[in-house]
Amino acid sequence: MVRPLSRMTRPLRFNAFAMHALTHQSPGLWRHARDRSREFARLPLWLDLARLWERGLFDGVFLADVLGPYDVFGGDARAAIRSGAQVPAHDPMLLVPAMASVTTHLGFGVTASLSYEPPFLMARRFSTLDHLTDGRIGWNIVTSYLDSAARAMGLAAQRPHDDRYALAEDYMQAVTGLWERSWQPGAVLADRSGAYADPDRVRVIRHHGPSVTMEALHLCAPSPQRTPVLYQAGSSPAGLAFAARHAECVFVSGPSAAVLAPRVARLRAALAAAGRDPSAVQVFALATIVLGGSDAEAADKLADYRRHVDPEGALALLSGWTGVDFAGAPLDGKVRFVENDSGRAALENFTRADPGRDWSVREVADHVGIGGAGPVFCGSAATVADALRDFRDATDIDGFNLAYAVLPESFTDIVDLLVPELQARGLYKTAYAPGTLREKLFGDGPYRKPGGRSGAA
Ligand SMILES: Cc1cc2nc3c(=O)[nH]c(=O)nc-3n(C[C@H](O)[C@H](O)[C@H](O)COP(=O)(O)O)c2cc1C
């Protein structure tokens, strides 16, 4: 695919990828002597991280979330609990106002599942956060992929894969109705000598869809962006169709450019088919970066990190992502694709997405031990800058969603070593753009464009 010039010359974007949890993508690394993850439940760590990410001019932090333990591996949650693999997992939203209070520009992409909460409550919380962050909030729209979460909510199992996207479609109409149409322009008067708001310009939104019924007046006054910046991460056919209709940013994850390039191309094609400008959606690829003063120093650091990986924790995560129980699977056996109600891309990454590469269970466990399914870029700042540029050019992405091995060391290295190298090459911004998160990312106003950035509505 020929990349449009605008995307080739546009600076790379960085998001930090984190979770309000002991472990996110690198199970076992919390045991490293320099790692601060054990402080995850208290604010000082998060305030330090927020300041660091803003010093590095990161566009935002993307906070992942799950609503149940990873209990596919061995049929229970013991391995996840023992290794601390995304158990415990605390509420990500509650971190946001604190981090916003010590930053000015950093955006917050917060994961929230629409499967277990009425749209009215979801819309209210995001509007509140958009106010409290002065328009820096984004929503990573997920439908969840763990049966353990469904059981926790009183259901027998999660909805079938494509039904979850059907629910999501219905749900989006309800929440965007609240955000964009309940309070009309000019509704807020805030006139000390008279009315606060004009009742004729505040209306009840009635939505009667196949899965969602709602009659509600939005309880929040219009926030700086009204609708949070919409992020999405599905790459199955149903996931792509949903992204093509709603997403402003898309997260992708895969171990190599060979896996991601066709996936990004399918997304851009789906956008075009939906009448949107294919380059209007910003795509962020999961990656982990290990840096040193030289390539050799970085390689030593990565070898040290790998010695701390908890292989059982890695397999517990992998089993949860794929819905396949890898306990007792022969470590040298080949990983094969099966279809189930978990996310589809997670298993495709190591099977049919790259027919030229066979993965054994052991190789996949080693790979996901540092940074999950994404690639690890390791070397001096110059080596990694070359690798990121080549990866971007091979895959047609806009930026990286940066997971970590050791917290905050992985990010400190990026900010102090890599960012200056990228800036010197003109590959990274030297200052934030003004305005809300949406304006910083897209530069054309604080509000979502109905029907996407092409204006095709
Ligand atoms: C980088 C990335 C991050 C994700 N983060 C979350 C998350 O925090 N919580 C969640 O429930 N799902 C998360 N997902 C899963 C997606 O929301 C989606 O369920 C998954 O990609 C499968 O979608 P698909 O079957 O359409 O490919 C993430 C996916 C990717 C690629």
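Some observations on this one:
- Gyration tensor (Cα) of the chain, equivalent ellipsoid semi-axes in angstrom: 34, 26, 22
- Sequence-distant contacts, meaning Cα pairs under 8 Å at least 6 residues apart, place the relative contact order of the stretch 1-140 at 26 percent.
- Given charges at beta-carbon only (K, R positive; D, E negative), |dipole| of the chain in Debye: 800 debye
- Sorted peptide list for 161-168, 378-385, criterion being average Cβ within 10 angstrom, highest first: 378-385, 161-168
- For the chain, share of DSSP beta bridges that run antiparallel, in % to the nearest 5: 15 percent
- The lysines whose alpha-carbon is closer than 23 Å to the alpha-carbon of residue 440, local same-chain residues fewer than 8 away aside, are 429, 449.
- Taking every Cα-Cα distance in the stretch 202-279 and sorting them into 5 Å bins starting at zero, the pair-distance distribution P(r) comes out as 3, 13, 18, 17, 16, 13, 11, 6, 3, 1, 0 percent.
- For the chain: relative contact order, % (alpha-carbon pairs under 8 angstrom, 6 or more apart): 23 percent
- Among 284-292, 144-152, sorting by the average number of other beta carbon atoms lying within 10 angstrom of each residue, highest first, gives 284-292, 144-152.
- Net charge of Cβ neighbours under 14 Å - reference residue 212; Lys, Arg +1; Asp, Glu -1: -2
- Multiplying the residue separation of residue 104 and residue 272 by 0.36 nm and subtracting their alpha-carbon distance yields 57.0 nm.
- If you wrap the tightest convex hull around every Cα atom of the stretch 290-377 and split its volume per residue, you get 98 Å³.
- Burial order of peptide ranges 366-376, 352-362 (average beta-carbon count within 10 Å, highest first): 366-376, 352-362
- For a straight C-alpha distance cut-off of 15 angstrom, the aspartates and glutamates reachable from residue 334 (same-chain residues fewer than eight places away being disregarded) are 325, 348, 354, 358, 363, 366.
- Relative contact order, whole percent, for the stretch 226-265 stands at 38, derived from Cα pairs under 8 Å and 6 or more residues apart.
The numbers here are math on the coordinates, done by the rules we state, and not lab data. As the structure is a computational prediction, the values presented were derived from the model and not from experiment. Cβ atoms come from the backbone with ideal geometry, glycine included; neighbour counts cover every protein chain shown.
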